[in-house]
1. Do we find that A82 is within 15 Å of the ligand (Cβ to nearest atom) and under 23 Å from T174 (Cα atoms) in this structure?
2. Restricting attention to segment 25-45, does a residue exist that is modelled with pLDDT under 90 and either part of a helix (DSSP H, G or I) or out of contact with any Pro (no Cβ under 9 Å at 6 or more places or on another chain) (or both)?
3. Under 8 Å between Cβ atoms, at least 6 apart or on separate chains: pull out the pairs that start in segment 213-242 with a residue that is among the hydroxyl-bearing types (S, T, Y) and end on any residue that is assigned to a loop (DSSP other than H, G, I, E, B) and near the ligand (Cβ under 10 Å from one of its atoms).
4. Condition check: touching a residue at least 60 places away in the same chain (Cβ under 8 Å), surrounded by fewer than 20 Cβ atoms within 10 Å (Cβ to Cβ) and of a type in the set (G, A, S). Does G127 satisfy that?
5. When segment 141-183 is examined, which residues are found to be modelled with pLDDT of 90 or more and more than 17 Å from C204 (Cα to Cα)?
6. Please find, among T218, T193, T226, the residue that is near the ligand (Cβ under 10 Å from one of its atoms) and among the β-branched types (V, I, T).
7. Only residues that are at pLDDT 95 or above and more than 14 Å from the ligand (Cβ to nearest atom): list them for segment 196-207, please.
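The values are calculated or read from the model by the stated rules, or taken from the named source; none is laboratory data. Every value quoted in this text rests on a predicted model; they were computed, and no experiment measured them. Virtual Cβ from ideal backbone geometry, glycine too; neighbours counted across all protein chains shown.
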Amino acid sequence: METRTKQMNGGAVSVGRPGGHLLTEAERRSFVERGFTAVERPVVPAALVAEVRTLIADLLERRASLPADSVHDLADGRVEGAMIPEVINARLLEPRLLGSSAYAICEQLAMDALGGKVTLDFDHAIGKPPHNAAATAWHQDLAFNPLADWPTATVWLALTDATEDNGCMRYIPTNGSRRLLSHEPFGRDGLRTLELSEDQAVVCPVPAGGVTLHNQRTLHGSGPNTTDGPRLAWILKFVAGGRSTQFLRAQRKRVQESWGARRGHPIEAPRRAGGADADPYRG
Ligand SMILES: O=C(O)CCC(=O)C(=O)O
């Protein structure tokens, strides 16, 4: 069996599966054909999860002291006491995250999904405090910046067990094609689409160290946390191909500007050449 070893931060992490891949062929096919996949095993070992969980929990805890534009709340503002704290670009506030071996594993998972080199574009940390009625609204990530319409793989790393009761991810399979839908503002910083039929949703519980992956056109959301413990995740969005830091910096600025300008306004689904359901990822 061929295994690959990555050297990160002075420590080696084995990312071995036959052929050097972390995703099984069935998991990779699900990502390509349905727009998401769930890895229901701790692909990131417990000690590495614990290291990242400490860093992320600390960021979320001290969010009141972080720059205001780094801290969002994705909850529906009308539900009293409900909140979904989010720290965006967590890696810039806590650079040790990128040096972690957990990061190397997430990058490898994205490479497996997209079939080649990838570049990290964005990351965020999302917490769901215990006994919290807030659900993350159904949305497509592309709605947050329709200009950045590239093939992507978002790795959602569970830092606690993610169950149906504490708000694990849920997806609507794409059947290979999903146009950008109309979205409306949701709560203070979220977006939601009402153009969906929830009965097709697939609920994706994963243990701590497990992951889900989706592309930025896949419809997804997550439910409330009705349990006694928090639900925590570190989420990394990779774009296909190698891109320069300069390019990504410019991109980040554009996203921040366009999001700042659009905050509170609906996103209209653009018309696409080739029909409303044309899949930009397939020719
Ligand atoms: O963690 C969640 O509740 C939602 C995550 C999400 O929507 C995303 O990563 O795009």
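1. no
2. Residues of segment 25-45 that are modelled with pLDDT under 90, as a first pass: none.
Within segment 25-45 (the criterion being modelled with pLDDT under 90 and either part of a helix (DSSP H, G or I) or out of contact with any Pro (no Cβ under 9 Å at 6 or more places or on another chain) (or both)), the answer is no, since none of the residues qualifies.
3. These pairs meet every condition: T218/Q140; S222/A135; S222/G167; S222/C168.
4. On the way: touching a residue at least 60 places away in the same chain (Cβ under 8 Å): yes; surrounded by fewer than 20 Cβ atoms within 10 Å (Cβ to Cβ): no; of a type in the set (G, A, S): yes.
So G127 does not fit the description; no.
5. Step one: list which residues in segment 141-183 are modelled with pLDDT of 90 or more, which gives 141-143, 151-173, 180-183.
If the condition is that a residue be modelled with pLDDT of 90 or more and more than 17 Å from C204 (Cα to Cα), then D141, L142, A143, P151, T152, L180, L181, S182, H183 are the ones that fit.
6. Result of the check over T218, T193, T226: T218.
7. V202, P207
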